[in-house]
């Protein structure tokens, strides 16, 4: 005779009792909860937006300073390797250098020494850098129109020059590159941790 163990007997599960309140709460959030969530999100967005804008501006300025540094390095290295003067400047339509540093910058070999780019004479255009963001400011030594590297790698001229980049509406985020007579250069830093860049001579960066 087959005997069944009492432990193997099937038991009928006890029905789960769900109250109307539990059913209502499982459907979704209430209008009040939705309004609270939207309010909290709006507050957090308002608090975070200014910091995000500052971050974007700082990123743009740092990127431009890096691009300018690469342009200077390219020009200096090419002047040394080619034995010719190499010029960085914003070019006008006739090949002359202008003071519009916010426009496209060009690096070219001035093989005939007339301090302008002569494509008709097959002068070499080494590199270019696109214009900066409209509204931002880029200047070089106030009124100078060019940076000229000699075959020795030194600057042509008797003094240093400073490329200053100032983003519109964020003067405190301005940065600069100081180019020495030796041809070497360095970027400004926030040396005193006040949130503003300074040169090694402790001068804050302005484009005025």
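The values are calculated or read from the model by the stated rules, or taken from the named source; none is laboratory data. Since the model is a prediction, treat every value here as computed from it, not as a measurement. Every residue, glycine among them, receives a Cβ derived from its backbone with ideal geometry; neighbour counts consider all protein chains shown.
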Check your understanding: If we scan the stretch 63-76, do we find a residue that is more than 20 Å from residue 138 (Cα to Cα) and more than 9 Å from the chain's Cα centre (by Cα)?
Key -> yes
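Out of 141, 127, report the one residue that is in contact with a strand residue (DSSP E or B) (Cβ under 9 Å, 6 or more places away or on another chain), at pLDDT below 95 and under 30 Å from residue 57 (Cα atoms). Give the steps one after another, and end with the answer.
On the way: 127 fails: at pLDDT below 95.
Exactly one of 141, 127 is in contact with a strand residue (DSSP E or B) (Cβ under 9 Å, 6 or more places away or on another chain), at pLDDT below 95 and under 30 Å from residue 57 (Cα atoms), namely 141.
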Exercise for review: Spot the failing condition for residue 185; the list is (1) farther than 28 Å from residue 85 by Cβ; (2) in contact with a strand residue (DSSP E or B) (Cβ under 8 Å, 6 or more places away or on another chain), and only one is missed.
Suggested key: (1)
Check your understanding: Which residue pairs have Cβ atoms under 9 Å apart, sit 6 or more places apart or on different chains, and have a first residue in the stretch 26-45 that is on the phi < 0 side of the Ramachandran plot and at pLDDT below 65 and a second that is outside any helix (DSSP H, G or I) and surrounded by fewer than 10 Cβ atoms within 10 Å (Cβ to Cβ)?
Key -> 26/18
Study note, to complete from the structure: The residue that is farthest from the chain's Cα centre (by Cα), considering only those in the stretch 104-125 that are closer than 23 Å to residue 165 by Cα and touching a residue at least 24 places away in the same chain (Cβ under 8 Å), is 107
Point to revise | Positions within the stretch 74-97 being exposed (fewer than 14 other Cβ atoms within 10 Å of the Cβ) and touching a residue at least 40 places away in the same chain (Cβ under 8 Å), in sequence order | key: 83
Practice item. Taking the options 70, 60, name whichever one is at pLDDT 55 or above, within 30 Å of residue 125 (Cβ to Cβ) and surrounded by 14 or more Cβ atoms within 10 Å (Cβ to Cβ). Key: 60
Practice item. May I ask you to list the residues in the stretch 78-94 that are touching a strand residue (DSSP E or B) at 6+ places or on another chain (Cβ under 9 Å) and either within 21 Å of residue 181 (Cα to Cα) or part of a loop (DSSP other than H, G, I, E, B) (or both)? Key: 78, 79, 80, 82, 84, 85, 86, 87, 88, 89, 90
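Restricting the search to the stretch 99-117, which residues are surrounded by 14 or more Cβ atoms within 10 Å (Cβ to Cβ) and in a loop (DSSP other than H, G, I, E, B)? Working first, answer last.
Restricting attention to the stretch 99-117, the residues satisfying the condition of being surrounded by 14 or more Cβ atoms within 10 Å (Cβ to Cβ) are 99-103, 105-111, 115-117.
Residues satisfying the conditions are 99, 100, 101, 102, 103, 110, 111, 115, 116, 117.
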